[in-house]
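The values are calculated or read from the model by the stated rules, or taken from the named source; none is laboratory data. Note that this is a predicted model, so its numbers are computed, not measured. Quick reminder, even Gly has a Cβ in these numbers, built from the backbone with ideal geometry, and neighbours come from all protein chains shown. Accessible surface is based on the protein model in full, side chains and every heavy atom, while ligands, DNA and RNA are left aside. Shrake-Rupley method; radii C 1.70, N 1.55, O 1.52, S 1.80 Å.
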Amino acid sequence: MAKRRAFGSHAGRVALIHALAHIEINAIDLGWDLVARFAGEGLPCAFFDDWVEVATEEACHFESLAGRLAELGAGYGDLPAHDGLWEAAAATADDLLARLAVVPLVLEARGLDVTPEMAARLARVGDAESAEILRRIYRDEIGHVATGLRWFDRLCQARGLNPKAAFQDRVRRFFKGELKPPFNHQARAAAGFTEDYYEPLTPRDRSSL
């Protein structure tokens with residue numbers, strides 16, 4: 001994937017919004033994939049209700065971003081996009097704890113780290129409309145991370161596992177790459193996702209493993 005252009009240019013903003021729309025349309029599919037793929041695991045109805053709600057919110061995010069692309073004279077599909085989310089889905093297809101660890105608790109949590117600065121940069125270049133969409137997505141994503149953590153912890157407890165140790169184990173085994181700071185500790189904490197889950201996975205700590 002080519003590096004995106006600066007936010008200040010029209011082309012750069014189109015590229016950013018397109019990339020975010022791609023993430024959101026994949027997030028819709030990942031929400032429904034959770035519902036369908038793990039339907040035979042004896043999970044309570046509340047699990048499926050929660051992920052249907054998450055997928056519905058992801059659809060709203062995509063519609064907002066696609067609408068903004070149209071206002072900027074572009075459309076989803078105009079630019080190439082990466083397969084990172086589906087690579088994560090394929091890697092965790094047979095392990096529900098790994099899916100919850102990698103998708104909501106690594107990938108979506110990373111969105112909490114980077115979205116406020118993206119929104120601020122868009123606002124600084126005069127794109128208040130795009131900035132407001134990102135702020136709305138950010139607020140919803142805190143809830144998505146909270147949902148992922150709630151079910152991860154609940155499943156770990158049902159299986160007699162320590163949630164923090166299980167999270168770190170699944171990330172080491174199933175996630176390609178490293179968890180790199182800076183982290184948005186405030187937003188992560190608002191989702192109940194405390195530092196003792198993810199700080200041991202930073203490059204400094206992983207080098208000692």
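With a Förster radius of 41 Å applied to the C-beta separation of Asp196 and Ser9, the computed FRET efficiency comes to 0.50.
Taking the protein heavy atoms of the chain in the context of the full set of protein chains, the accessible area attributed to carbon and sulfur is 54 percent at 1.4 Å.
The per residue volume of the convex hull around the alpha-carbon atoms of the range 24-76 is 44 Å³. The share of alpha-carbon pairs in the range 136-184 lying farther apart than 17 Å comes to 50%. Tell me whether the range 89-209 comes out rounded, prolate or oblate; compute the Cα gyration tensor, take square roots of the eigenvalues as a ≥ b ≥ c, and use a/c under 1.5 as the rounded threshold. Prolate, because a/c is 1.5 or more and a/b exceeds b/c. Under the simplified labelling scheme, the Asp140-Asp169 pair shows an inter-label distance of 3.4 nm, with each label point 7 Å from Cα along Cα→Cβ. Per residue, the range 78-209 exposes 49 Å² of accessible surface when a 1.4 Å probe is rolled over the protein heavy atoms with every protein chain present. Measure nothing but the geometry: give the 0 to 90° angle between the long axis through the Cα atoms of 128-158 and the longest principal axis through the Cα atoms of the chain, rounded to 10°. Its long axis makes an angle of about 10 degrees. Running Debye on the chain with equal point scatterers at the Cα sites and no solvent, what base-10 log of I(q)/I(0) appears at q = 0.12 Å⁻¹? For the chain, the Cα-only Debye profile gives -0.63.
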